[in-house]
Amino acid sequence: MTIRLMIADDHRMLREGLRRSMTEMGFDVVAEARNGAEAVQLAEATRPDVILMDVTMPEMDGVEACRQLRQTLPNTQIVMLTMHADQEILTSAIRAGASGYLVKDCSTDEIASAVEMAARGDTALSPQLAASMLNEVRKLEAADAAEAERVVTKREEEVLQLIADGCSTPEVAESLYISQKTVKNHLASIYQKLDARDRTQAVLRAVRMGIVQLN
């Protein structure tokens, strides 16, 4: 089955070159976008199998466009294209749900291979990024596992600690730069998770569980 491909890049010459090359290699290029916002709009209209997405674009960058499209089009795979093998951007792309990450000095054959891999549900990336990608994925998996083991979230833990320190709801809100309503919502969640009736019982149980400390 022919892979339906979309290209998103703010450089017209690169878009046209990729379109010609990918079409000659048997891909069906269904749309071209000039920026991230247009990429989101066109992808939702055409529903491609794979998107070649430039990282740096006006109006909305490729990482944010990727993040949005993973929510609305979970079956569309996205391969990020960038000029540089930047570790911070690589991390952002992984978190956003990208299926691959290529630097723009790769060959047309490598791009075609990456598109085919992404369409199969595999991860595609430039060889020079392989080690960094693996390390980053391991870090994210460890962080996700640690978060999953939390009884309460990090923000709820901060609320609990301030309550344990004797702060009132307004004082907690001011300290964390959030609204009093948000504090109350966090407390409601804490009560449910710790099976507590009120803040005193919640703090006592949190202390016993080692979540907070009494100073």
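The values are calculated or read from the model by the stated rules, or taken from the named source; none is laboratory data. If you're wondering where the values come from, they're calculated on a predicted model, not measured in any experiment. Note that each Cβ is placed from the backbone with ideal geometry, even for glycine, and that neighbours are counted across all protein chains shown.
Mind listing just one residue for me: the one in the stretch 33-51 that is under 19 Å from the mean Cα position of the chain (by Cα) and of a type in the set (Gly, Ala, Ser) and, of those, surrounded by the fewest Cβ atoms within 10 Å (Cβ to Cβ)?
So the residue we want is ALA37.
Looking at the stretch 130-141, can you tell me whether even one residue there is in a loop (DSSP other than H, G, I, E, B) and either among the hydrophobic types (A, V, I, L, M, F, W, C) or at pLDDT 80 or above (or both)?
Pass one, the stretch 130-141, residues in a loop (DSSP other than H, G, I, E, B): none.
The answer is no; no qualifying residue exists.
Evaluate the stretch 51-69: report whether one residue or more is more than 15 Å from ALA8 (Cα to Cα) and part of a loop (DSSP other than H, G, I, E, B).
Within the stretch 51-69, none of the residues are more than 15 Å from ALA8 (Cα to Cα) and part of a loop (DSSP other than H, G, I, E, B).
I need the full set of residues from the stretch 57-88 which are out of contact with any helix residue (DSSP H, G or I) (no Cβ under 7 Å at 6 or more places or on another chain) and buried (at least 19 other Cβ atoms within 10 Å of the Cβ), in order please.
The one that is out of contact with any helix residue (DSSP H, G or I) (no Cβ under 7 Å at 6 or more places or on another chain) and buried (at least 19 other Cβ atoms within 10 Å of the Cβ): LEU81.
Going by what's in this entry, would ARG155 be described as surrounded by fewer than 18 Cβ atoms within 10 Å (Cβ to Cβ), in a helix (DSSP H, G or I) and at pLDDT 70 or above?
Values: surrounded by fewer than 18 Cβ atoms within 10 Å (Cβ to Cβ): yes; in a helix (DSSP H, G or I): yes; at pLDDT 70 or above: yes.
It is true that ARG155 is surrounded by fewer than 18 Cβ atoms within 10 Å (Cβ to Cβ), in a helix (DSSP H, G or I) and at pLDDT 70 or above.
Can you tell me which residue is nearest to the chain's Cα centre (by Cα) among those in the stretch 4-32 that are acidic (Asp, Glu) and not in a helix (DSSP H, G or I)?
So the first thing to find is which residues in the stretch 4-32 are acidic (Asp, Glu), and the list is 9-10, 16, 24, 28, 32.
Okay, now just the ones that are also not in a helix (DSSP H, G or I), so 9-10, 28, 32.
Numbers: ASP9: 20, ASP10: 22, ASP28: 27, GLU32: 23 Å.
The residue in question is ASP9.
So, in the stretch 186-215, of the ones that are more than 16 Å from VAL151 (Cα to Cα) and without any contact (Cβ under 8 Å) to a residue 12 or more places away in the chain, which residue ends up surrounded by the most Cβ atoms within 10 Å (Cβ to Cβ)?
Per the stated criteria, the residue is THR200.
Condition test on ASP54, is it in contact (Cβ under 8 Å) with a residue 40 or more places away in the chain and surrounded by 16 or more Cβ atoms within 10 Å (Cβ to Cβ)?
Against the criterion (in contact (Cβ under 8 Å) with a residue 40 or more places away in the chain and surrounded by 16 or more Cβ atoms within 10 Å (Cβ to Cβ)), ASP54 qualifies.
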